Ligand code: NAP
């Protein structure tokens, strides 16, 4: 594809699983972007200039105006702050940071430097999420039940960071469910109870059970578990006065009273990059901290149980 003056020259920092699975193909498929550089300790992408640190990139490449940070959350803040201070537009993978306060700092710095900051929640771009939000807007919601159960050995083999402080453990996938719930419910909910199951010797939970309450007596329960072998479950069921809405497969499918109305497997990251291009053109900020706040609350209010050790 030929770059034009309007093309956004972008760099990826942290060329790991999600960068290769989703960011690289989504950038390649979007004519608004050109992958112009990487920052990677392990080599980057063939044919693309690679730098050993974000500061080396920022100094050498003023033409790179946007940066997608795809490293684990614990290692992102300084890179994000330096990129913003250098006047670059920044996209953050989810979760946007290891703490709530550091992301609030990034928002302030981005405002001060008049650049885009986009805290992505990829599950919000799943096909069923916007139709679910629209259908629920005028309904009276009674109960929401979230079941997010997957096999950590299958999805996160050998990822040490995920078990370390700030890696979030089972909340790494669970926060995707919370990003959907906070997008589709018309009113806020807040956490009232949390039980966290930590494998002996690990710093992050392998399972969690959460309860939330909201206006009008709405109750939300969430069950996150990383020990699910066999079929994997990423479902959200919403009971309303006018029927039962189910989002399944992480939001890719939606049904109402058992009738499928939306089915579409993989459009999340294409949507993320369309949105990023729009935000960059407007120099706008899109940071919603609600899912991260719920996770922080779950750790703050959580009753901790120690369960059997987990070995990769
Ligand atoms: P990953 O493959 O384990 O790591 C991503 C890359 O980050 C690594 O390849 C490495 O890139 C860099 N990195 C790792 N440790 C680092 C450190 N200590 N300091 C600096 N850089 C480091 O992780 P991932 O699965 O891609 O996940 C990255 C982020 O994307 C997480 O926040 C995750 O929640 C999110 N995400 C992941 C998935 C998924 O399916 N895996 C899905 C959606 C979102 P270099 O070798 O190039 O330096």
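Between the alpha-carbon centers of the range 264-312 and the range 233-257, tell me the distance in whole angstrom.
The distance from the Cα centre of the range 264-312 to that of the range 233-257 comes to 20 Å.
Given R₀ = 41 Å, what would the calculated FRET efficiency be for residue 200 paired with residue 6, taking r from the Cβ atoms and rounding to 0.05?
Working: r = 55 Å, r/R0 = 1.33.
So the FRET efficiency works out to roughly 0.15.
Which of 156, 190, 294 comes first, and how do the rest follow, when ranked by fewest Cβ neighbours within 10 Å?
Numbers: 156 20, 190 12, 294 25.
Ascending Cβ contact count within 10 Å gives the list 190, 156, 294.
As I understand it, the value is the acute angle between the Cα axis of helix 290-301 and the longest principal axis of the Cα atoms of the chain; what does it come to in degrees, rounded to 10?
The two axes meet at around 60 degrees.
Given the -39500 (n - 2.57) contribution per DSSP H run of 4+ residues, what per-residue ellipticity at 222 nm results for the chain, rounded to the nearest 500 deg cm²/dmol? Don't skip to the end; give the middle numbers.
Details: 9 runs with 88 residues, N = 312.
My calculation for the chain gives -8000 deg cm²/dmol from helical runs alone.
For the residue pair residue 259 and residue 151, what label-to-label distance in nm results when each label sits 7 Å from Cα along the Cα-to-beta-carbon direction?
Output for this residue pair reads 3.6 nm.
Full-extension gain between residue 266 and residue 111, please, as 0.36 nm times their residue separation minus the C-alpha to C-alpha distance. Write out the running numbers ahead of the final one.
Values: separation 155, 0.36 × 155 = 55.80 nm, distance 3.24 nm.
Result: 52.6 nm gained on full extension.
Return 94, 145 ranked ascending by Cβ neighbour count within 10 Å, so the fewest neighbours appear first. Provide the component values of the computation, followed by the final result.
Details: 94 20, 145 15.
Going from least to most buried by this count: 145, 94.
Where both partners of a DSSP beta bridge lie in the range 8-119, what percent of those bridges are antiparallel, to the nearest 5? The partial results should precede the final answer.
On the way: 0 of 19 bridges.
In the range 8-119, DSSP labels about 0 percent of beta bridges as antiparallel.
For the chain, find the longest principal axis of its Cα atoms and tell me its angle to the long axis of helix 171-184, 0 to 90°, nearest 10.
Between helix and principal axis, roughly 80 degrees.
Work out how much length residue 41 to residue 312 would gain on full extension: take 0.36 nm times their residue separation and subtract the Cα-Cα distance, in nm to one decimal. Can you show the working numbers first?
Values: separation 271, 0.36 × 271 = 97.56 nm, distance 2.39 nm.
Full extension from residue 41 to residue 312 adds 95.2 nm.
Taking just the alpha-carbon atoms of the range 8-119, what radius of gyration and Dmax come out, in angstrom?
Looking at the range 8-119, its Cα Rg and Dmax stand at 12.8, 38 Å.
Which value results when the Cα radius of gyration for the chain is divided by 2.2 N^0.38 Å?
Details: Rg = 19.7 Å, N = 312, 2.2 N^0.38 = 19.5 Å.
Cα-based Rg divided by the globular estimate yields 1.01.
Report, for the chain, the % of DSSP beta bridges that are antiparallel, rounded to 5. Working shown, then result.
Numbers: 37 of 70 bridges.
Among the beta bridges of the chain, antiparallel pairing accounts for roughly 55 percent.
Between residue 20 and residue 241, what is 0.36 nm times their sequence separation minus the Cα-Cα distance? Round to one decimal in nm. List each step's numbers first, then the result.
Working: separation 221, 0.36 × 221 = 79.56 nm, distance 4.31 nm.
Length gained, residue 20 through residue 241: 75.2 nm.
Using only Cα atoms, tell me the angle between helix 100-113 and the longest principal axis of the chain; keep it within 0 to 90° and round to the nearest 10.
40
Read-outs throughout are calculated quantities, based only on the coordinates presented, and are distinct from any laboratory measurement. Computed from a prediction, not measured in an experiment: that's the story for all the values here. FYI the Cβ positions are ideal-geometry reconstructions off the backbone, even for glycines, and counts take in every protein chain you see.
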